[in-house]
Amino acid sequence: MKRVGQLMAAVVEPDNLRLAFWKAARGKADRAEVRQYRANLDGELAALRFGLLEGSYPTGHYRRFVVHDPKRRTIHAAAFAERVLHHALMNVCEPAFERMAVADSYACRKGKGQWAAVRRAESFATGATPRIPACKTVMRRRPARAFFVGQAARPAANLPFP
């Protein structure tokens, strides 16, 4: 595996931080937190850059809320300033992660996603993929929702796969 160097210098690059702000703000321009950050954009980005270079940037500020869709869940969402940091990191690190990722990994990847994963699984299930001819006998047509709902209560020792 090839080592990637000089990542921090690329993360704290002013153009990368500005791009990260615009990505984090996409679809959220009407929120007070975003308007406040944008009003002092140069100062906020300079503070972010300085904090990252000094290793003193504070993290862990989360907003907690509950949703009931379709069942009750507690969500912890990062503050907007941390979302800018997340985007700055991923702008730089994502290309390296993509090169190392397994081809059949679909979560949180551009050009992939749940529908691409479903199509790939269906190709395995129907035998369209020559690499695993016996796959038809293992996979059955069954709603994924019914499978995952019961997994929380099922002990790991009783899983159907070795």
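Just so it is clear, none of the values below were taken in a lab; they were calculated from the coordinates. Bear in mind that the values here come from a model prediction, so they are computed numbers and not experimental data. Backbone-built Cβ (ideal geometry, glycine too); neighbour counts: all protein chains shown.
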With +1 at each Lys and Arg Cβ and -1 at each Asp and Glu Cβ, the charge dipole magnitude of segment 7-100 around its Cα centre, to the nearest 20 debye, comes out at 580
Formal net charge of residues neighbouring Arg83 (Cβ-Cβ distance under 14 Å; K, R +1; D, E -1): +3
Largest first, please: the extent of the C-alpha atoms of segment 7-100 along each principal axis, to the nearest Å. 43, 38, 25
Just to check I understand the Karplus step: with θ = phi - 60° and J = 6.51 cos²θ - 1.76 cosθ + 1.60, what whole-Hz values come out for segment 114-123, glycine and proline as x? 5, 6, 5, 5, 5, 4, 5, 5, 5, 5
